[in-house]
Amino acid sequence: MSVPYLGQGEHIVKRDTRIVHAGRPKYRAGSRPVNPPVVRASTVDFESLDAMDAAERGSRAGEPVSAYGIHGTDTTFALEAFITELEGGFGTKIFSSGLEAISSVFLGYLKPGDHVLVVDTVYSPVRRLLHRFLGERGIGFDFYSPREPDIQRLIRDSTRMIYTETPGSVTMELQDIGTLAQLARQHDDLLVVCDNTWASGFCYRPLEHGAHLSIVAGTKYLSGHSDVLIGSVTAESSTFPTLHRTRALLGCSVSPDDCALTLRGARTLHVRYPAHAERALKVAGWLESRPAIARVLYPVLPSSPDHSQWQSQFDGAAGLFTVELAGEVRGQTKKFVENLTLFGLGASWGGFESLALPCDVAANRSVDDWSERGDLVRLHIGLEDPQDLIDDLDTALSTLR
Ligand SMILES: Cc1ncc(COP(=O)(O)O)c(C=O)c1O
């Protein structure tokens, strides 16, 4: 199965240049719009049945051709080409949210009787998906600690997938995808799937480390403006046909307007993403020095147990980290976040604005015990002036006793 690019991506090697050029329209009759047109279609109208057959065959084979709107239009294909370039894969499929991308991977690659190992730090709605949907349909699962030194001992004959996130949600432990992939290759039909939303394909590419599938919630940094829900799955060549078939069978569909908005945001990823990281590092470093803060969970900080792994494997960082409040201010997260004036209170992250979110991590872990640790607040550092954010945090922290 071949997935030709709409743009010139195959010739582009450097990341920033790829971000600007991947998935751009081809010249037609000597000109082209800079951005792909927003092609809205349910019905695609053909001149002949032969033309219709050819489009359907191409569409089934995973080529970027429209036979019916549900399979995408040129706008969808442009975003797919862009993310394939970014993630360094063979092909990408777009979903209506990050969570839909994740659930489609479980539905597409697992069947009743199969077993999946899931990192304990997984994005918490995935726990609910496993408990309330997949488990009831005969798909077994176990959680493993992000600090588990011996994953091999957890693999059963029926294990078909190791599902992971690096770093993990809220508590930010890194995973070594290379080691997981090496282990998986010693078994038949064992896939490594990585939720790569934190890195968003920008500073880490799981497929290069041997993962079979990489998932990104484009809702976050790719679209980057807190106004789109979108997800992607990028596959290597051996896993792409199932991805393509699954999306078609499930009837997943994304508005071309959302694809265009995502591409519009993504064109400046290389400018926005490091700007978040630069600000986040300043704010995180300052927070570490505050008596009301016990710990800052952020692999970028030298104090993080994952710092050297981050240094050797990542080429940048997101502006998302978590603070653990000191024992003396236990139970005061509500007061803390409600006294912030520049941070919105909201789920999600990756937009231009700063956000704070208290997280009940103990309720979302089944292997590691977080019940004795301090209260956690996840912070997304936006593109405001970092000194203003520090002043805002300082004022809010000073209200705690
Ligand atoms: C790590 C991670 N993966 C996936 C998702 C799901 O993305 P979406 O909100 O687009 O469903 C989120 C959302 O917060 C997330 O944090």
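Miscellaneous remarks
- Applying a threshold of 6 Å to beta carbon distances and a minimum spacing of six or more residues, or different chains, the list of pairs starting in the range 226-246 at a residue that is in a strand (DSSP E or B) and ending at one that is open to solvent by 10 Å² or more (accessible area, probe 1.4 Å) and of a type in the set (Ser, Thr, Tyr) reads GLY231/SER97.
- Counting the residues of the range 217-230 that are more than 8 Å from the ligand (Cβ to nearest atom) and of a type outside the set (Phe, Trp, Tyr) gives 7.
- Scanning the range 133-147 for residues that are of a type in the set (A, V, I, L, M, F, W, C) and in contact (Cβ under 8 Å) with a residue 60 or more places away in the chain turns up at least one hit.
- Taking every residue in the range 311-339 that is over 22 Å from LEU301 (Cβ atoms) and pairing it with any residue that is of a type in the set (Asp, Glu) and modelled with pLDDT of 95 or more, at least 6 positions away or on another chain, the pairs with Cβ-Cβ distances below 8 Å are ARG330/ASP375; GLY331/ASP375; GLN332/ASP375.
- Residue in the range 151-159 that is open to solvent by 10 Å² or more (accessible area, probe 1.4 Å), farther than 26 Å from ASN364 by Cα and of a type in the set (A, V, I, L, M) present: no
- Applying the condition of being open to solvent by less than 10 Å² (accessible area, probe 1.4 Å) and away from the ligand (no atom under 12 Å from the Cβ) to the range 115-138 and asking which residue is nearest to PRO167 (Cα to Cα) yields ASP120.
- In the range 174-197, the residues that are closer than 13 Å to PRO146 by Cβ and within 13 Å of the ligand (Cβ to nearest atom): GLN175, CYS194, ASP195
- Once the range 356-366 is narrowed to residues that are part of a strand (DSSP E or B) and open to solvent by 20 Å² or more (accessible area, probe 1.4 Å), the residue that is nearest to ARG272 (Cα to Cα) is LEU357.
- Residue in the range 383-399 that is closer than 30 Å to VAL126 by Cα and outside any loop (DSSP other than H, G, I, E, B) present: no
- Among (1) within 30 Å of ALA199 (Cβ to Cβ); (2) of a type in the set (Ser, Thr, Tyr); (3) more than 16 Å from the ligand (Cβ to nearest atom), the one test that THR92 misses: (3)
- Residue match in the range 75-85 (condition: more than 16 Å from the ligand (Cβ to nearest atom), in contact with a strand residue (DSSP E or B) (Cβ under 6 Å, 6 or more places away or on another chain) and open to solvent by less than 10 Å² (accessible area, probe 1.4 Å)): yes
- PHE352 vs. criteria surrounded by 18 or more Cβ atoms within 10 Å (Cβ to Cβ), touching a residue at least 40 places away in the same chain (Cβ under 8 Å) and not acidic (Asp, Glu): no
- For the range 247-288, the tally of residues that are open to solvent by less than 30 Å² (accessible area, probe 1.4 Å) and assigned to a helix (DSSP H, G or I) stands at 18.
- Odd one out for TYR204 among (1) touching a residue at least 40 places away in the same chain (Cβ under 8 Å); (2) surrounded by fewer than 24 Cβ atoms within 10 Å (Cβ to Cβ): (2)
- Of residues in the range 368-401 being β-branched (Val, Ile, Thr) and open to solvent by less than 70 Å² (accessible area, probe 1.4 Å), the one nearest to the chain's Cα centre (by Cα): ILE381
- Considering residues of the range 320-343 that are in contact with a strand residue (DSSP E or B) (Cβ under 6 Å, 6 or more places away or on another chain) and of a type outside the set (A, V, I, L, M, F, W, C) only, the residue surrounded by the fewest Cβ atoms within 10 Å (Cβ to Cβ): GLU324
- Evaluation of SER214 against (1) surrounded by 18 or more Cβ atoms within 10 Å (Cβ to Cβ); (2) more than 12 Å from the chain's Cα centre (by Cα) (one fails), failing number: (2)
- Residue among THR164, THR179 that is in contact with a Cys (Cβ under 7 Å, 6 or more places away or on another chain) and without any contact (Cβ under 8 Å) to a residue 60 or more places away in the chain: THR164
- For the range 47-56, the condition holds for no residue, the condition being that it is within 28 Å of the chain's Cα centre (by Cα) and either within 16 Å of the ligand (Cβ to nearest atom) or not acidic (Asp, Glu) (or both).
- Close pairs (7 angstrom Cβ cut-off, 6 or more residues apart or separate chains): more than 20 Å from GLY138 (Cα to Cα) in the range 91-107, within 8 Å of the ligand (Cβ to nearest atom) and among the polar types (S, T, N, Q) anywhere: SER97/THR219; GLY98/THR197; GLY98/THR219
The values are calculated or read from the model by the stated rules, or taken from the named source; none is laboratory data. These numbers come from a predicted model, not from an experiment. Note that each Cβ is placed from the backbone with ideal geometry, even for glycine, and that neighbours are counted across all protein chains shown. Ligands, DNA and RNA are stripped out before the accessible areas are found, and what is left, the full protein with its side chains, is counted by its heavy atoms. Shrake-Rupley method; radii C 1.70, N 1.55, O 1.52, S 1.80 Å.
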